[in-house]
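Below is one structure, written out as structure tokens; comments come after it.
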Amino acid sequence: MEKQTAGRQQLVRSRVGVDRWAKALPSVEAARPGQCPRCGAASRPVGGGMVLQGHGTRSRQVRGPAQPGQQAQVRVVQVRRYRCLACGGTCTVVPWEVTWRRLYSVAAMAWALALWGLLGMGLEAVRRLVNPWNHTGASEAGRWRTPLRWLQAVHQGQLLAQVHAMRPWPPHWRPRQAAAHVASVVAGYAPPAAPSPPLSVLAFMGAARAQ
């Protein structure tokens, strides 16, 4: 598991993927982290009672296609919450592709950056492939800025932080150049295949399994 922090709340990303998670919500016991991600207390200390207790569930959106080229969709999954009796903090355990404060899956985000940075597609064309909603208001036409925010988050270590090979890029790089860099690095985490898929598909696959 990998954790992300925001104040007293912790997001713990399970190794279970969205598809498997959506088909069968892991039990409280199966999803429970081995220790509190905030204070480090053991969930079930030897000879003691349960410290990290189930604290209900909540719904979470996961946007984007399930596979490259498939129809973009909004999948709603139930995520598990836990409360630590030692420190009072809470944590939420989510599927691996879900990340903090992002509605799109990490795989969908990586694919979008690859389409834009590596294939040279315009952001509006990318939006139509990645965004579940095809209709936008006139004020939003040609203004899809979300990938720029993803790049900023990557640069600040708030997104794809688990990709150890990712390095900050020079400030003079243009956004499309930075997007190509991010997609290329993430593509390196894709499993080997013959024949090798396009680099944009490798970016999707690599983000879905990067540890």
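The values are calculated or read from the model by the stated rules, or taken from the named source; none is laboratory data. Everything quoted here is computed from the prediction, not taken from an experiment. Cβ placement follows ideal geometry from the backbone for every residue including glycine, while neighbour counts extend to all protein chains displayed. Just so you know, the surface numbers come from the protein's heavy atoms only, side chains and all, with ligands and any DNA or RNA stripped out. Shrake-Rupley method; radii C 1.70, N 1.55, O 1.52, S 1.80 Å.
Output the residues belonging to the stretch 52-77 that are in a loop (DSSP other than H, G, I, E, B) and either surrounded by 15 or more Cβ atoms within 10 Å (Cβ to Cβ) or in contact with a Leu (Cβ under 6 Å, 6 or more places away or on another chain) (or both).
Here is the first cut: in the stretch 52-77, the residues in a loop (DSSP other than H, G, I, E, B) are 65-72.
Residues satisfying the conditions are PRO65, ALA66, PRO68, ALA72.
Tally time: how many residues in the stretch 130-149 are open to solvent by less than 60 Å² (accessible area, probe 1.4 Å), at pLDDT 60 or above and more than 18 Å from ARG174 (Cα to Cα)?
Of the residues in the stretch 130-149, 3 are open to solvent by less than 60 Å² (accessible area, probe 1.4 Å), at pLDDT 60 or above and more than 18 Å from ARG174 (Cα to Cα).
Starting from residues that are touching a residue at least 40 places away in the same chain (Cβ under 8 Å) and crowded, with 21+ Cβ neighbours inside 10 Å, keep the ones in the stretch 150-159 and report whichever is nearest to ALA112 (Cα to Cα).
Looking at residues that are touching a residue at least 40 places away in the same chain (Cβ under 8 Å) and crowded, with 21+ Cβ neighbours inside 10 Å, I get TRP150.
Please indicate, with yes or no, whether at least one residue in the stretch 29-50 is of a type in the set (S, T, N, Q) and assigned to a loop (DSSP other than H, G, I, E, B).
Checking the stretch 29-50: at least one residue is of a type in the set (S, T, N, Q) and assigned to a loop (DSSP other than H, G, I, E, B).
Which condition does GLY88 not pass, out of (1) out of contact with any strand residue (DSSP E or B) (no Cβ under 7 Å at 6 or more places or on another chain); (2) open to solvent by less than 70 Å² (accessible area, probe 1.4 Å); (3) under 30 Å from LEU202 (Cα atoms); (4) of a type outside the set (Asp, Glu), if it passes all the others?
(3)
What are the residue pairs meeting all of these: first residue in the stretch 88-106, first residue more than 15 Å from GLY64 (Cβ to Cβ) and at pLDDT below 90, second residue surrounded by fewer than 19 Cβ atoms within 10 Å (Cβ to Cβ) and not polar (S, T, N, Q), Cβ atoms under 7 Å, and 6 or more apart or on different chains?
Short answer, once both residue conditions are applied: TRP100/ALA6.
Kindly provide the set of residues from the stretch 189-211 that are under 17 Å from the mean Cα position of the chain (by Cα) and outside any helix (DSSP H, G or I), ordered by number.
TYR189, ALA190, ALA210, GLN211
Do we have ARG101 as surrounded by fewer than 14 Cβ atoms within 10 Å (Cβ to Cβ) and closer than 24 Å to GLN73 by Cβ here?
yes
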